[in-house]
Each structure stands twice: as C-alpha cells, then as structure tokens.
Amino acid sequence: MEIDDITGGAAVPEDSARPIGRIDTTTAHAARIYDYILGGKDHYPADREAGDALRREWPALPIHMRANRDWMNRAVRWLAEEAGIRQFLDIGSGIPTSPDIHEIAQSVTPASRVVYVDNDPLVLALSQGLLNSTPKGRTSYVEADMRDPQAILGSAAFRDTLDPGEPVALTVVAIVHFLLDEHDAVGIVRRLLEPLPSGSYLAMSIGTAEFAPQEVGRVAREYAARGMPMRLRTLAEAAEFFEGLELVAPGIVQVHKWHRDGTDGEVIRDEDIAMYGAVARKP
C-alpha cells in the first residue's frame, strides 16, 4: 500500500540513526516521484501531485523512466556477465525496486558485493530491501551526499564491503541532472572514480533535453518549482564525464539504444527518452 504515514516497522541498518523524524512528507522528493511514476508504493500525496503534474507536461515521462531503469538493469548485467565485475558502488540508489543492483549481479555471481549510497531518510528507512544479500555476497548502505565523495570513500561500509585491489563498477544512475554547475558534477564523479583500480568501470545515465526540448523543459520547470532545479546536458557535456576512459560500444547513446536485446518488442521513440547512457572502463 502507499505510504501516507511511516510507522516504527521500517528496518534500518543497526548503526544508522533512526530517520523517521527527518522525512518531510509535505514536500515532493525526486526519488519518491520516480517511485510513484514507476508504480511503486513508497510515496506521499505531495509526490503523487508532483508526478501527475509532470505527466501532464510530458505524457512520455513514464516511458522515459522505465527505459532508464531497464538500461540500468542491462548495464549491470553486462558488467557482471561480460566484464566480470564483482563489486559495485551505487550512487543515489533510491527507493528499493526489484531487481536492484545486488539482485542482478548476484544472479550472475552470488559472491558479488554492493555498496549503496543515498542521503534520503526514506531510502534509509527502507534500506533493508537493499541489504538482502546472498550468503556468499554482501551489501551495505551508506547515508551520504554524493557531493561529499570523501564521506563515501572513507566510510566503514565502503572499506569493509569492497576490496580496494579489485575492480569496481561505479554506477551513477539518473542523478547528476540534479547537480548544478556550482556543484561540479564532473569533478564529483572523477573523485569517486579516482581511487578505484584499473579495470574498474563507470556506468552513468545523464539527463538531456536534446530530443524533446519543449516537453522536457516544461518538466524541468515543474521540478524547479518544487525546489528541485535541474541541469540537463548536451551530448558533448555528457561526454565530459567519460574523458580518459574507454567507452564500451555503442558509446554514449540514449538509454533505450544501449545493448537492447529486442526481446520485449516495444518500440520506443527517440523523442520519448531524455537520458543518455554509457559504460566505460578505467584503463
């Protein structure tokens, strides 16, 4: 059922402060809007109002969001199956939605390890859904702001979960469009990637308005009106995140075009997708 009231039943990591009192139920939140539009259950009336307003401005928004989620699933599976990655650092994990990264990775290799990072109190309250690892693998959760990479990389969960000598996939999915120019999104991602060893990967999806500028522009204005300003990027700006890395074919493309297996038969129009996606290897 939908969340209109948080009770004491939410499971949280043992070493985490109880977040319930910090959840603002009156203000829409990007992760909860995403959950609502994708048909989830962890949202409030303010999130539903915002989601409905966004869909009125761009009816293709649910198609866009599902395509982004499907891209993440394909990228993680490719990293696990084709690149042999066994460790993942997921920035901006959001509300648990099955299959999550650890479920996909551990379905390939049960010993895979994942560190999830987010700073939303509701995600922390629901984080038990991110910690249901296989016995051979391991998952952990870090409550931190991605704008503070050192807080993430210096956390006990990061140190205790991931082997610094083995490659790691850094996944940054549908989050950097909420970082403005003054936040230096490219610099943040580079600082997160810097300590990871050679053979690690960066997988990112990056918001853009290049394919439906008017519609996506209206969506951006709706987010901004609710205190969530956006910085949408061109293809050239998206490419800055991958400088010095080896892009996996087909490079930086709209998410619905990246390694699509074609089994679902759904036809997706380019103008219904406002996200670039890519995977690249650190030499």
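The values are calculated or read from the model by the stated rules, or taken from the named source; none is laboratory data. Quantities reported herein were computed from a predicted structural model and do not represent experimental measurements. FYI the Cβ positions are ideal-geometry reconstructions off the backbone, even for glycines, and counts take in every protein chain you see. When the accessible area is computed, the model is the full protein with side chains, heavy atoms only, and any ligands, DNA or RNA have been set aside. Shrake-Rupley method; radii C 1.70, N 1.55, O 1.52, S 1.80 Å.
A few comments on the model shown:
- Positive-end residue of Leu61, Val216, Ala185, charge dipole of the chain with Cβ unit charges: Ala185
- Length gained when the stretch Ser198-Asp163 is fully extended (0.36 nm per residue, less Cα-Cα span): 11.3 nm
- Mean separation of Cα contacts under 8 Å, 6 or more apart, over the residue count of segment 140-268: relative contact order %: 23
- For the chain, calculated [θ]222 nm from helices alone, where every DSSP H run of n ≥ 4 adds -39500 (n - 2.57): -9500 deg cm²/dmol
- Note that the chain presents 43 Å² accessible area per residue, ligands and nucleic acids not counted, probe 1.4 Å.
- Point-to-point label distance, Leu247-Arg221, nm (Cα→Cβ direction, 7 Å offset): 3.2
- Computed with every protein chain present, the accessible area of Trp58 is close to 10 Å² [probe 1.4 Å].
- Less than 5 angstrom separates the built amide H of Gly199 from those of Lys282, all sequence-distant by 5 or more or on a different chain.
- Percent accessible area from carbon and sulfur atoms, segment 98-248, protein chains only, probe 1.4 Å: 50
- Remark on segment 156-234: hydrodynamic radius 14.5 angstrom, per the Kirkwood mean of 1/r across alpha carbon pairs.
- Sites Ala111 and Lys41 - FRET efficiency at Förster radius 35 Å, r taken between beta-carbons, to 0.05: 0.70
- Virtual spin-label span in nm between Arg66 and Glu182, 7 Å along Cα→Cβ: 3.9
- Rg and Dmax over the alpha-carbon atoms of the chain stand at 17.8, 49 Å.
- Near Phe88, the amide H atoms lying under 5 Å from its own belong to Arg113, Val114, Val115, Ala169; only residues 5 or more places off or on other chains count, and H is placed 1.01 Å from N.
- 14 Å reach of a label modelled at Thr27, 7 Å along Cα-to-Cβ, counting backbone N of segment 209-238: 224-229
- Computed from the alpha carbon positions, the gyration tensor of segment 175-215 leads to an equivalent ellipsoid with semi-axes of 26, 14, 6 Å, biggest first.
- Descending semi-axes in Å of segment 105-186, equivalent ellipsoid built from Cα gyration tensor: 23, 15, 12
- Calculated FRET efficiency for the pair Ser98/Arg48, C-beta based, R₀ 25 Å, to 0.05: 0.70
- For a modelled paramagnetic label at Glu57, 7 Å from Cα along Cα-to-Cβ, the residues of segment 160-184 in reach, with backbone nitrogen under 16 Å, are 177-179.
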